[in-house]
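Participant: Attaching a single structure in structure tokens format; questions to follow.
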Amino acid sequence: MSSKGAVICWFRRDLRLRDNPALTRACALASVENLRIIPLFILDDGDAGDFATGGASRWWLHHSLVSLRDNLNGQLLLRSGAAKQALSALTEELDVRAIFWNRCYEPWQIARDTELKTHFKSSGIDVQSFQASLLWEPWDIKNKQGSAYKVFTPYYRKGCLLSKQPRLPKAAPDLSDCALPEGLKQNTIDELGLLPSIPWYEQMQNEWQPGEQGASDRLTQYIESAAFAYRDQRNIPSVVGTSRLSPSLHYGELSPNQVWYAVKHAFEGREDDKHLDTYLSELGWREFSYYLLYHFPHIPSDSFNAKFDVFKWENAPEKLRAWQTGNTGIPIIDAGMRELWQTGYMHNRVRMVVGSFLVKNLRCDWRLGEAWFRDCLLDADLAANVASWQWVAGSGADAAPYFRIFNPVLQGEKFDSDGEYVKKYCPELAEVPKKFIHKPWEAPSDILKDAGVWLGTDYPHPIVDLKESREAALDAYEVVKAASNA
């Protein structure tokens, strides 16, 4: 094995060559000090505990690693197990002078990375981390009192937008010094065991192209076909009115900086356009989720607002299962849950509606919804997932008030007025007239017969009465109010 010195670029949630600060720095050091670049990925799920990567997200990771390996001309070292052991083994096998990585922000990752920096620096190895997956570092944004914001609008408008501008993205570096030594032990991507044993993901393969090129293509498609109508169409689930970049941002196949400046460039001369402002603020919401997770690391398991600890959940297993499988008898709910299972994705408006239905109409703990989403979503981002579920539950920062309960029938009629979304994912309702597509239980029997639908056989009866369950949820909330006022 070559005795040439090496610098390790440890890929994590940054599976790209362009605008990758750690990779750029590794290439610059390698050029100056005549070092070999070792691109490394470690499948390190052990330290994540209950928040390990879910099944759908692992499928995406498999294909994203294939793309990264190909972009590196096969020069990607793969290891599995605890990161400390994997990196220590490499420092024993190679003359490692430096280890560079881009920062991650989940609590277990911060704890692990802090320990790794201390350990390897004490051995004389240069260890550096870089900002690559957020536009603003969480510790840089503070309110006038010097503490963390708890409300999105002042965080984004006053904290972020009035601070320094996000850094400009950079091109891919020169990778001529990137070559793995012969004889270096490594896993293959298949040996990482990321693909599920049951191939339920066929439709995902037809819907998505993981990897840096797929992410770039989706960004281009968004700018060309949806960006200039974003504010008007983003809530309509039957059209592609959003960028659908969340899985790629989750794994860092492109950086938020690339998205931020590409979209701003598309609106050059129209900086005050409502569609631009609304889209950039959605990137701001992503930042806010990470910000909350950093400053309040307990929120993946505990309510941000502690008064909700006394809320009485019902957690009926049969109702939870009906929700998970898209068999609640409420069409917009079932369409959303079936879209999730079939494609690994769910339209954002529908996510809010199905979330409200679970925690309020069914009174199931938001943590059960978060866990299901974490396993089924391709973009299963802990920060965004937790912040969104706590928001809809009413227990989070800047949350929707608990008494704001989405009516799924009205939501369906407003945002899926012709029922196209419902008919796509609930084809058994395809012939139900528009008037009843979101409330088939109200349709006269002859209309259902003409549509070929027999409730209870072809499609379920609603598992709860929407009005009664809403009132029960509000009654349960009174306990929270009483406890907080005591």
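Participant: Suppose R0 equals 35 Å; then what is the FRET efficiency for residue 282 and residue 471 from their Cβ-Cβ distance, rounded to the nearest 0.05?
Facilitator: Between residue 282 and residue 471 the formula returns 0.60.
Participant: State, in angstrom, two size descriptors of region 306-485 derived from its alpha carbons: Rg to one decimal place and Dmax to the nearest whole number.
Facilitator: Just the Cα atoms of region 306-485 yield Rg and Dmax of 16.3, 54 Å.
Participant: Could I ask something else about it? Sticking with the crude label model, points 7 Å out along Cα→Cβ, report the distance from residue 206 to residue 445 in nm, one decimal please.
Facilitator: Roughly 3.8 nm, to one decimal.
Participant: If contacts are Cα pairs under 8 angstrom and at least 6 residues apart, what is the relative contact order of region 6-131 in percent?
Facilitator: Worked out over region 6-131, it gives 35 percent.
Participant: Something else: How long are the three semi-axes of the equivalent ellipsoid of the chain, in whole Å, if each is the root of 5 times an eigenvalue of the C-alpha gyration tensor, listed from largest down?
Facilitator: The three semi-axes for the chain are 42, 25, 23 Å.
Participant: Let me ask another. Give the angle, between 0 and 90 degrees and rounded to the nearest 10, that separates the Cα long axis of helix 83-93 from the longest principal axis of the Cα atoms of the chain.
Facilitator: Between helix and principal axis, roughly 20 degrees.
Participant: Go ahead and run the numbers for FRET between residue 414 and residue 455, Cβ-Cβ distance against an R0 of 41 Å, rounding to 0.05.
Facilitator: Taking R0 as 41 Å, the efficiency between residue 414 and residue 455 is 0.95.
Participant: Multiply the residue gap between residue 188 and residue 153 by 0.36 nm, knock off their C-alpha separation, and tell me the result in nm, one decimal place.
Facilitator: So the chain would gain 8.1 nm between residue 188 and residue 153.
Participant: If you don't mind, another one. Once the other residues with Cβ under 12 Å from the Cβ of residue 212 are scored (Lys, Arg +1; Asp, Glu -1), what is the net sum?
Facilitator: Charge balance in the 12 Å sphere: -1.
Participant: Name the residues of region 28-71 whose amide N is less than 18 Å from a point 7 angstrom out from the Cα of residue 221 along the C-beta direction?
Facilitator: Once the point is set 7 Å along Cα→Cβ of residue 221, 60-61, 63-64, 67 turn out to lie under 18 Å by backbone N, inside region 28-71.
Participant: Now for a different question. Pairing the Cα long axis of helix 55-71 with the longest principal axis of the chain, what angle in degrees results, from 0 to 90 and rounded to the nearest 10?
Facilitator: The angle comes out near 40 degrees.
Participant: Label-point separation (nm) for residue 143 and residue 70, each offset 7 Å from Cα along Cα-to-Cβ?
Facilitator: Each label point lies 7 Å from its Cα, and together they span 4.9 nm.
Participant: While we're on this one: Can you work out the Karplus-derived ³J(HN,Hα) for every residue in region 162-168? Use 6.51 cos²θ - 1.76 cosθ + 1.60 with θ = phi - 60°, whole Hz, and x for glycine or proline.
Facilitator: 8, 8, 5, 5, x, 5, 6
Participant: Can you check what the net charge comes to around residue 243, using other residues whose Cβ is under 12 Å from the Cβ of residue 243 (Lys, Arg +1; Asp, Glu -1)?
Facilitator: Net local charge, residue 243 excluded: 0.
Participant: For region 186-313, what's the relative contact order in percent, using C-alpha pairs closer than 8 Å and at least 6 residues apart?
Facilitator: 19 percent
Participant: Follow-up question, since we're still on this one. Under 8 Å for C-alpha pairs, at least 6 residues apart: give me the relative contact order for region 306-485, rounded to a whole percent.
Facilitator: Here the relative contact order equals 27 percent.
Participant: Lys and Arg at +1, Asp and Glu at -1: add these up for the other residues within a Cβ distance under 11 Å of residue 408 and post the number.
Facilitator: Overall, the nearby charge balance is +1.
Participant: Now for a different question. For the chain, give the magnitude of the charge dipole about the Cα centre (Cβ charges: +1 Lys/Arg, -1 Asp/Glu; no others), in debye to the nearest 20.
Facilitator: With only Lys, Arg, Asp and Glu charged at Cβ, the dipole is about 1200 debye.
Participant: Would you list 357, 415 from fewest to most Cβ contacts within 10 Å?
Facilitator: Ranked by crowding around the Cβ, least crowded first: 415, 357.
Participant: Listed here are the pairs 360/439; 144/274; 312/467; 158/264; 150/307; 312/481; which of them are more than 24 Å apart at the Cα?
Facilitator: Going by Cα-Cα distance, 144/274 fall outside the 24 Å limit.
Values in this text are rule-based calculations from the coordinates and carry no lab data. Bear in mind the structure is a predicted one, so any value in this text is a computation, not a measurement. A quick note on method: Cβ atoms are made from the backbone with ideal geometry, for glycine too, and the neighbour counts reach across all protein chains shown.
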